[in-house]
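The values are calculated or read from the model by the stated rules, or taken from the named source; none is laboratory data. These numbers come from a predicted model, not from an experiment. In this analysis, Cβ positions are derived from the backbone assuming ideal geometry, glycine residues included, and neighbour counts consider all displayed protein chains. The protein model used for the area step is the full one, side chains on, heavy atoms only, and it has no ligands, DNA or RNA in it. Shrake-Rupley method; radii C 1.70, N 1.55, O 1.52, S 1.80 Å.
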Amino acid sequence: MHQAADGALARLRLPGGMITAAQLQALAHAASEFGNDTLELTVRGNLQLRGVRDAPAVADAAQAAGLLPSPTHERVRNIVASPLSGRVGGLVDVRPWVTALDAAIQADPALAGLPGRFLFGLDDGRGDISGLGTDVGATVEGDRVALLLAGRDTGIRLGIDEVVPTLTRVARRFLEIRGKAWRVRELDDPTELVSDVAATVPAGHGWPPVTRPPVGWITQDDGRTALGAAVPLGVLQARQAEFVAAIEAPVVITPWRSLLVCDLAEGVADTALRVLAPLGLVFDENSPWLDVSACVGSPGCEKSLADVRAEATRVVDEATVTGHVHYVGCERACGSPPTGQVFVATAAGFRERR
């Protein structure tokens with residue numbers, strides 16, 4: 001729990017963004033009964049409940065749903081992974097890696113000391129996660145896996161069975177040398193984390209960032225269907241979540257604050273689309289909502305100088321979006337994407353951040 005201007009905030013980690021229909025239903029009920037009737041999607045593929053009035057009740061609901069497997073390691077189970085992995089494209093299904101990495105993190109007492117901002121990334125070769133600049137990551141390249149630090153290629157190549165042990169070893173090394181650093185990019189020399197491993201190819205390149213989520217009707221490699229839904233400003237109403245859960249299909253929360261409803265028969269997908277679109281979920285890849293984001297702003301954040309979500313909504317309504325734009329309530333610029341324009345609230349209105 002964290003204390004915010006609008007009450008307690010509960011953040012629940014979803015490694016790889018994966019959540020079952022039953023778990024989503026449990027959180028939707030908790031948001032309605034004990035929160036502000038919404039679930040917020042985060043840029044790490046997690047979920048938040050705001051305005052929590054009964055913290056123990058929310059914790060009990062999360063525990064009963066299987067979302068709190070390790071109280072000691074809850075804050076460090078930060079894993080993002082290619083959302084469509086194992087279903088559409090990609091070179092390797094990294095979902096088993098997510099499960100194995102999460103288990104390895106929980107099994108290592110030392111890793112409970114990681115900063116809550118430390119982020120692991122698993123990219124199945126399509127490049128979507130590599131561009132997020134995670135602290136330590138793995139990207140599939142043919143039959144080998146590239147090791148990344150702060151989103152850049154170290155030149156080190158791993159076998160598939162080496163991925164999880166290597167990521168946890170790098171995390172332990174970070175704890176040893178971090179000093180006051182919260183993230184790998186804050187280290188004077190990040191390569192010190194892998195100084196005992198020889199690179200096999202030239203190091204140094206990064207990946208272009210991905211800013212738009214997969215939306216619409218997505219045909220899976222197995223012939224079934226996934227529905228990709230953008231969630232305006234990442235705010236999922238509890239009622240919307242209940243309808244998504246009622247489909248009784250696996251759900252993935254993406255790092256672009258959208259969701260995927262997966263493994264659907266064609267008829268089920270068609271019915272679900274007809275129900276969910278009128279509720280406000282966005283399935284149109286041309287919608288301006290895919291290019292607008294915002295921090296929580298007022299009244300949820302005491303540091304914010306404006307209701308930034310209202311400003312973002314105004315821009316969408318007036319159809320003045322050009323490229324990706326992000327609105328923030330103060331200079332901290334929370335949630336800013338790696339590319340695009342950022343507009344900061346001031347006493348005189350919004351100005352572009354340079």
Among the residues of the stretch 23-40, is there at least one that is at positive phi and not small (Gly, Ala, Ser)? yes
Is it fair to say Glu302 is open to solvent by 50 Å² or more (accessible area, probe 1.4 Å), over 19 Å from Arg257 (Cα atoms) and either without any contact (Cβ under 8 Å) to a residue 60 or more places away in the chain or among the aromatic types (Phe, Trp, Tyr) (or both)? no
Please find, among Thr254, Thr200, Thr225, Thr219, the residue that is polar (S, T, N, Q) and under 21 Å from the mean Cα position of the chain (by Cα). Thr254
When you check Arg117 against the structure, is it of a type in the set (Lys, Arg), open to solvent by 10 Å² or more (accessible area, probe 1.4 Å) and either without any contact (Cβ under 8 Å) to a residue 12 or more places away in the chain or more than 20 Å from Ala199 (Cβ to Cβ) (or both), yes or no? yes
Looking for something surrounded by fewer than 15 Cβ atoms within 10 Å (Cβ to Cβ) and closer than 26 Å to Cys301 by Cα - is there at least one such residue anywhere in the stretch 9-26? no
Taking Leu279 as the residue in question, decide whether it is touching a residue at least 40 places away in the same chain (Cβ under 8 Å) and in contact with a helix residue (DSSP H, G or I) (Cβ under 8 Å, 6 or more places away or on another chain). yes
I need every pair where a residue in the stretch 225-254 that is touching a residue at least 60 places away in the same chain (Cβ under 8 Å) has its Cβ under 8 Å from the Cβ of a residue that is of a type in the set (S, T, N, Q) and open to solvent by less than 10 Å² (accessible area, probe 1.4 Å), sequence separation at least 6 or different chains. Ala226/Gln220; Ala230/Ser258; Val231/Ser258; Ile253/Asn46
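For every residue, the table says whether it meets (1) more than 30 Å from Leu158 (Cα to Cα); (2) among the small types (Gly, Ala, Ser); (3) surrounded by fewer than 20 Cβ atoms within 10 Å (Cβ to Cβ).
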position	(1), (2), (3)
Gly216	yes, yes, yes
Ala229	yes, yes, no
Leu233	yes, no, no
Pro255	no, no, no
Asp270	yes, no, yes
Arg274	yes, no, yes
Ala277	yes, yes, yes
Gly280	yes, yes, yes
Conditions (1) under 18 Å from Leu101 (Cα atoms); (2) free of Cβ contacts under 8 Å to residues at least 24 places away in the same chain; number of the one not met by Ile177: (1)
Pairs needed: first member in the stretch 200-218, farther than 22 Å from Pro337 by Cα and at pLDDT below 90; second member anywhere, of a type in the set (Ser, Thr, Tyr) and open to solvent by less than 80 Å² (accessible area, probe 1.4 Å); C-beta distance under 6 Å; at least 6 residues apart or different chains. Ala203/Thr154
Please specify each residue of the stretch 120-157 satisfying the condition of being of a type outside the set (D, E, K, R), farther than 19 Å from Pro337 by Cβ and open to solvent by 10 Å² or more (accessible area, probe 1.4 Å). Gly125, Gly142, Leu149, Thr154
